[in-house]
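To start, the structure itself, in structure tokens.
The values are calculated or read from the model by the stated rules, or taken from the named source; none is laboratory data. All values reported here derive from a predicted model rather than from experimental measurement. Note that we place each Cβ from the backbone using ideal geometry, even for glycine, and neighbour counts take in every protein chain shown. Areas reflect the complete protein model, heavy atoms only, side chains present, ligands, DNA and RNA absent. Shrake-Rupley method; radii C 1.70, N 1.55, O 1.52, S 1.80 Å.
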Amino acid sequence: MRQRRLIDDHFVTVSSRLVFTLTLPVLVFLAISKVHFDSGVHLGLVIFVALAILFSCIFSGIWARIAGVDEADISAFVQASFRGNLGIIGISMVVYAFGDQGTQIGALVLAIGVPMYNLLSVMVLARGQGVNWSGQLLLIAKNPLIIAIVLALPFSLFGWQLPKPLHSAASSLGQMTLPLALISVGGTLDFRALRAANSTALQISLLKLVILPVLIVLSAITVGIRGVELGVVALMMASPTAAAAFVMARAMGANHVLTANAIAVSTLGSMLTMGGIFYVLRIMSLL
């Protein structure tokens, strides 16, 4: 589509912003509002995801030390290795693979993943720097996904429902998320990034796309997670490095060039690895 000039950089920028600030938050709101938290459904999954994210962060730090990553690059390395693109690629693949049921579970993963990724990233990138925690917490609180989750909680807890006309309009907006997100991701892919990537960026991609997802999926299977829950965990934890990692790395003085290379390489690689992990789980009858 880019080669035929049907889309350009401006379209990709605008559509990405539309997904992040409007259509995805609406989709997450609708999904969370349908979950009945009082029944304890998916509570074990939420706890598992929180532990998996924390494990990914710690494991990436240990890997960086053992692999001899340059001291100046460790913070960028760790953030790019554990921080996944849950909000665009992860949830899009879940919606495509599992429909409404997967969307509800994926929204729960987003609910725990988004704030954890932001807080852990600040801690990793600070590394002895003075951090304005009130400012960082304010930025997290202003995240459209966080706002959508908070607004949806009363609807879930008290069984509230939107008026039918409003729900219909919101559903139409939410359904725009998948096609817009996929077009935006496709429009940003550039195979020349593979030539620009160094060994450190390739290590990050190996960790993000293969090693950490495999360890997390094996752990999920061990504790009894199966079916759609397992599929959601696999796809979202195997998502490539989040684009937000670049913004935060640059803002906090980390190696943003390494982060940008890791985002590009992992996004390209995820076209194979996410589908591969899903296929293996499918043929093993675990989904």
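Some observations on this one:
- Residues of segment 252-278 that turn out to be of a type outside the set (S, T, N, Q) and over 20 Å from the mean Cα position of the chain (by Cα), as a count: 4
- Among (1) more than 20 Å from Gly102 (Cα to Cα); (2) touching a helix residue (DSSP H, G or I) at 6+ places or on another chain (Cβ under 8 Å); (3) in a helix (DSSP H, G or I), the one test that Ala254 misses: (3)
- Inclusion of Ile221 among residues that are modelled with pLDDT of 95 or more, more than 20 Å from the chain's Cα centre (by Cα) and open to solvent by less than 70 Å² (accessible area, probe 1.4 Å) is warranted.
- Of the residues Ser81, Ser60, Ser75, the single one that is among the polar types (S, T, N, Q), buried (at least 23 other Cβ atoms within 10 Å of the Cβ) and over 17 Å from the mean Cα position of the chain (by Cα) is Ser75.
- Among the residues of segment 150-168, those that are aliphatic (A, V, I, L, M) and either at pLDDT below 90 or under 17 Å from Ala107 (Cβ atoms) (or both) comprise Val150, Leu151, Ala152, Leu153, Leu157, Leu162.
- Given (1) modelled with pLDDT of 95 or more; (2) closer than 26 Å to Ala72 by Cα; (3) in contact with a strand residue (DSSP E or B) (Cβ under 9 Å, 6 or more places away or on another chain), number of the condition Ile263 does not satisfy: (1)
- In segment 169-189, the qualifying residues are those that are under 17 Å from the mean Cα position of the chain (by Cα), open to solvent by less than 40 Å² (accessible area, probe 1.4 Å) and more than 17 Å from Leu110 (Cα to Cα), and the one that is modelled with the lowest pLDDT is Val185.
- Here segment 1-51 is the region considered, the condition is being of a type in the set (Ser, Thr, Tyr) and either crowded, with 16+ Cβ neighbours inside 10 Å or closer than 18 Å to Trp160 by Cα (or both), and the residue that is modelled with the lowest pLDDT is Ser39.
- Screening the candidates Ile88, Ile112 for the property of being β-branched (Val, Ile, Thr), modelled with pLDDT of 90 or more and touching a helix residue (DSSP H, G or I) at 6+ places or on another chain (Cβ under 8 Å) yields one hit, Ile112.
- Number of positions in segment 224-251 that are modelled with pLDDT of 90 or more, in a helix (DSSP H, G or I) and either under 12 Å from the mean Cα position of the chain (by Cα) or surrounded by fewer than 20 Cβ atoms within 10 Å (Cβ to Cβ) (or both): 10
- Candidates Leu54, Leu86: the one that is under 17 Å from Ser121 (Cβ atoms) and in contact with a Gly (Cβ under 8 Å, 6 or more places away or on another chain) is Leu86.
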